[in-house]
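Worksheet: the structure to be examined is printed underneath.
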Amino acid sequence: MKELIEKIITRKSYYDIIGGGALSKNNEDFFKEKKQWSIIKDQLLGCYLKPYFSKILATQKPIFYVDAFAGKGRFEDGNAGSPIIALNIISESLQRTKFNQSDVELCLIELNHANALRNNVKHFKNVAIVEGKYEDNIERLLVGKKMQNVFLYIDPYGVKVLDFSIFEKISEINLYSIEMLINFNSFGFIREACNAMNTQFDAVILEDLVGVDNLNVNNLKSIQDLNKVAGGTYWQAIIEEYKNKTIDGYEAEKKFSEQYCKNLKEHFKYVLNMPIRLQKGQRPKYRMIHATNHAQGCALMNDNMYKRWEALQTIQNHGQISMFTEDIENISVNKEELQKEILEIMKLHKEYIDIDIFLAEFISKYGVRVSTSDICKELDKLCNDNNIEVVRNPKFTPKGKISKFWTVSKGHSVKVRCT
């Protein structure tokens with residue numbers, strides 16, 4: 001074991017050591033077969049895009065959708081990749097919409113497989129393919145997109161291309177709405193961080209890592225690169241804790257991910273993250289991170305992540321029903337605490353607050369643990385106990401009964417506050 005770790009630290013890539021399943025420089029082998037974790041990831045994207053486009057088309061503002069690492073568009077086993085999934089959903093949404101002047105622009109960025117991508121999406125209209133690097137093109141592509149709806153899907157092969165300053169710049173553009181869904185290889189980052197700080201890491205950290213970068217033997221440059229990815233130096237203290245055995249690898253990854261999301265919250269109002277792991281106790285393959293300034297988008301993504309989490313639980317439990325309610329980190333949810341947490345968020349506001357804003361603030365603080373419908377059930381209980389006040393418009397149903405809806409739609413609004 002010790003010899004393996006020493007070899008890993010001194011070689012450029014651990015794939016050179018363990019062999020088998022190694023990704024080539026342009027990740028060619030990745031597209032041979034769509035793996036289970038990749039299916040879950042694309043389900044998260046696809047199931048979110050359907051209601052997203054349904055709602056966002058109603059704004060009647062131009063929509064700019066970007067797949068920043070589009071790949072080939074389709075796997076060799078016939079499964080659709082993220083570009084085709086998005087294109088199909090956009091086509092269906094445009095056919096169903098009542099708005100005739102819907103302006104949707106699609107951009108697919110790809111460095112290594114642009115020709116295969118062109119061939120796989122040639123049957124779709126209004127698709128721009130940019131052959132090059134995401135980090136070299138994204139700022140240029142967003143020029144002139146002010147007051148538009150922008151959705152960025154960022155699914156890189158590694159972590160070093162995710163320069164945090166790009167997210168900072170995007171947040172400063174005066175967009176009508178912004179949504180980012182990022183596939184972040186958090187354990188890949190921890191591995192790179194350990195190497196940069198000359199820290200021996202457990203060999204098991206290497207197991208099943210996807211899309212890792214080559215090790216950089218220039219530690220100073222690696223540290224500088226990782227500072228850019230993390231948006232700060234906070235990760236170095238986490239690696240020191242790991243080095244001193246104050247925390248283990250699981251805790252290091254979780255602490256880093258939490259701080260990374262906290263950094264994003266300085267630029268986006270609402271940030272959620274979901275670990276993708278196929279077995280309980282397993283390190284996440286990656287984390288799906290959603291950042292937006294749109295309250296409804298946050299609530300919508302929460303429910304989408306929660307449904308995907310239920311699907312993951314079925315895989316983790318081998319089809320058996322779990323006896324306990326757990327959140328996406330496999331931590332038991334104490335529903336008795338939910339009401340206290342709800343009131344804590346609500347007490348931050350002196351006046352009535354829109355239900356969508358309340359839900360987004362609650363979810364963004366406490367993470368994906370339950371569905372929004374479960375949160376609303378607790379709100380009902382609090383209302384019945386006279387702990388909160390609810391104002392609905394319209395107050396009565398067409399049959400003259402008191403309204404009890406929680407969902408906001410055209411002509412329907414809900415506001416809440418503490419009594």
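Only the coordinates and a few stated rules stand behind these numbers; no lab work does. The shown structure was predicted, so the numbers you read here are calculated from the model rather than taken from an experiment. Here the Cβ is made from the backbone with ideal geometry for all residues, glycine too, and neighbour counts use every protein chain on show.
Summary of computed values
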{"quantity": "Distance between modelled label sites at Lys404 and Thr246, nm, 7 Å Cα→Cβ extension", "calculated": "5.2"}
{"quantity": "FRET E, pair Lys50, Leu348, Förster distance 30 Å, beta-carbon r, rounded to 0.05", "calculated": "0.40"}
{"quantity": "Using a Förster distance of 22 Å, the FRET efficiency for Gln339-Lys307 (Cβ separation, nearest 0.05)", "calculated": "0.40"}
{"quantity": "Computed over the stretch 336-418: relative contact order in percent, which uses C-alpha pairs under 8 Å that are six or more apart", "calculated": "40"}
{"quantity": "Derived scalar couplings ³J(HN,Hα) [the stretch 243-254; Karplus, 6.51 cos²θ - 1.76 cosθ + 1.60; whole Hz; x for Gly, Pro]", "calculated": "4, 7, 6, 6, 10, 9, x, 4, 5, 4, 5, 5"}
{"quantity": "In nm, spacing of pseudo-spin labels at Asn198 and Lys377 (7 Å Cα→C-beta vector)", "calculated": "5.5"}
{"quantity": "Ascending count of other beta-carbon atoms within 10 Å, so fewest first, for Leu141, Leu272", "calculated": "Leu141, Leu272"}
{"quantity": "Using a Förster distance of 35 Å, the FRET efficiency for Glu172-Gln36 (Cβ separation, nearest 0.05)", "calculated": "0.40"}
{"quantity": "Full-stretch length increase - Gln60, Asp77 - with 0.36 nm per residue and alpha-carbon distance subtracted", "calculated": "2.3 nm"}
{"quantity": "Of Lys50/Lys98; Lys61/Lys285; Lys98/Lys133, those spanning more than 25 Å from alpha-carbon to alpha-carbon", "calculated": "Lys61/Lys285; Lys98/Lys133"}
{"quantity": "Close Lys-Lys pairs in the stretch 336-418, where close means Cα under 15 Å and separation is 8 or more or interchain", "calculated": "12"}
